[in-house]
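Some notes on the structure that comes next.
Where a number appears in this text, it was derived from the coordinates with a stated rule and is not lab data. Computed from a predicted model, the values in this text were never measured in an experiment. Cβ placement follows ideal geometry from the backbone for every residue including glycine, while neighbour counts extend to all protein chains displayed.
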């Protein structure tokens, strides 16, 4: 199974843009075109903390200067700079070859990606021209950040290769901050701290040279994992005796988040009526919890929505109920409020998915990018993420599994971890009983899915209209291969969340057997997961992350026709590493061949340093797939 094909199993996650996208992605939200013709000769970013006496608050003045150079042929590139409800672009200056570009007028628009993402995030954008080889186009943007909490991640890398970049943070002595650095190893970043006597300020400078461009790649970890950056955390200010605390401790972060949730005023009548309707006739609290969770999963459509402080503040539960859609915050809040009406101890949780590398030891707006609901039942925390369709309590998606979670607890908070998962949670078991008929194989097949393998199948199959579900299921199983024909398909309910999902069918595997004289050559494995899934170490510049921990098991019994004997069986394959394992065994008993394959992904993060190990293993696996069983007439 090629890496590109693996994306099929996780396509639904590509729609889930993080609810605080602008806080930890590069500020140029429109990904610039990766074009070696254009590079950045110089980038200079300055962030200066100031006190606005008129507004009586701390602000951050940001100046961004980018000098682009054209190395070859005439060109033009899109340029964009993002800002949000807590930021204002004060001025934009554009020069082309040293002359002010009066004919380039920036546009200012809201970010709106199809139907899945709505935001108050805005883009200042325009087209930047390069009229000849060696020409320079320069952009200077002056921006004001009204709340220092919103100054968070600043990347040293850009969308184009950089000859040099400098980041300067100017911090008056009345302002207390902490700067965290990440992924500086091997990047030749020079760090300097000086004192500006005129401003009575500490000046932090980070300078880097010859940095490659940030390039998008499928199945990459989030940018905080792989690119050098700083995370600026405003802790407190004490301007002329007027003290303001920002995020000095994790409790400060919690209080800021909790006060937003505390502003909600749920319609208890409407929510109570819906909770009673969903759980009618149920007396067991756990059954009620599942019923509420499943109802929200099934009936509330996930649509990301960010609007100023609502990028952090949950929508009212009764409004999500009325509209039948919401973002992760709204869905978590609705789940909580319905569960409370059932007498359960339900609470909101703030969590950072594995897209980001931070946890709550660094109190920042970047620490969390997701919200879920937690229920304390029988002295155990159950974490409910209603944005994950067809999941059951106790089964956790890889993106939140093992991640630290901040649970509301009145005026305090609790820090827990979502339970980590093993590949066994997501086992996909294929059991096959096959016979040979000419050049074909026939048989009875049972497929069994659980965990994320089950939720992925159910999600993809149920995307289709009701009258096409069977066709969608068959296409999913056969991967639309015309040689792999299935019939008499029976399944456990295709909307069930509890337990395993089972699919049984009759198989006709055409051209699985090749005959030459008295010998037959048998291809016993149809699925061939990870076949040729070699990572291109020349083109790929980032680490790789699989969407889930996986456990693929195939157990096949093949009956050899009467009058034939087994001539050759391929040798077994056993490859084990800390990140994955590949095991294939062949066994002959009388006229029966038993084939067993188990492929496990135990660590979803494959660093570039481990690409060779992966490629060697995949090459051996693909070679094994090519080896056929030989039987001959007696």
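Of note:
- Cα gyration tensor shape for segment 127-174, rounded if a/c is under 1.5, else prolate or oblate: prolate
- When 594, 80, 364 are arranged by Cβ crowding within 10 Å, least crowded first, meaning fewest neighbours, the order is 594, 80, 364.
- Per-residue Cβ neighbour rank within 10 angstrom, fewest leading, 599, 463: 463, 599
- The modelled label-to-label distance between residue 577 and residue 409, using points 7 Å beyond Cα along the C-beta direction, is 4.0 nm.
- Averaging the sequence gap over all C-alpha pairs within less than 8 Å and six or more residues apart, then dividing by the number of residues, gives the chain a relative contact order of 11 percent.
- Inter-part distance where segment 407-463 and segment 186-257 are each reduced to a Cα centre, Å: 40
- Burial ordering of 349, 257, fewest other beta-carbon atoms within 10 Å first: 257, 349
- Per-residue [θ]222 nm for the chain (sum of -39500 (n - 2.57) over DSSP H runs n ≥ 4, rounded to 500): -5000 deg cm²/dmol
- Pairs of Cα atoms farther than 23 Å apart, segment 424-633, %: 52
- The relative contact order of segment 408-543, computed from alpha carbon pairs under 8 Å that lie at least 6 residues apart in sequence, is 24 percent.
- Virtual spin-label span in nm between residue 150 and residue 198, 7 Å along Cα→Cβ: 2.9
- C-alpha center-to-center spacing [segment 601-634, segment 502-519] in angstrom: 23
- Segment 188-257: C-alpha gyration tensor shape, a/c 1.5 cut-off, then a/b vs b/c: oblate
- Angle in degrees between helix 469-478 and the longest Cα principal axis of the chain, rounded to the nearest 10: 80
- Helix axis angle, 250-262 relative to the chain longest principal axis, alpha carbon, degrees: 80
- Under the criterion of Cα pairs below 8 Å and six or more residues apart, the relative contact order for segment 424-633 equals 24 percent.
- The alpha carbon gyration tensor of segment 266-305 gives principal lengths a ≥ b ≥ c with a/c of 1.5 or higher and a/b no greater than b/c, which makes the shape oblate.
- Entry for mean projected area of the Cα convex hull in nm² (calculated from the structure that is shown) out of [x] 27.6; [y] 34.3; [z] 42.2: [y]
- Using alpha-carbon coordinates, inclination of helix 268-278 to the longest axis of the chain, degrees: 10
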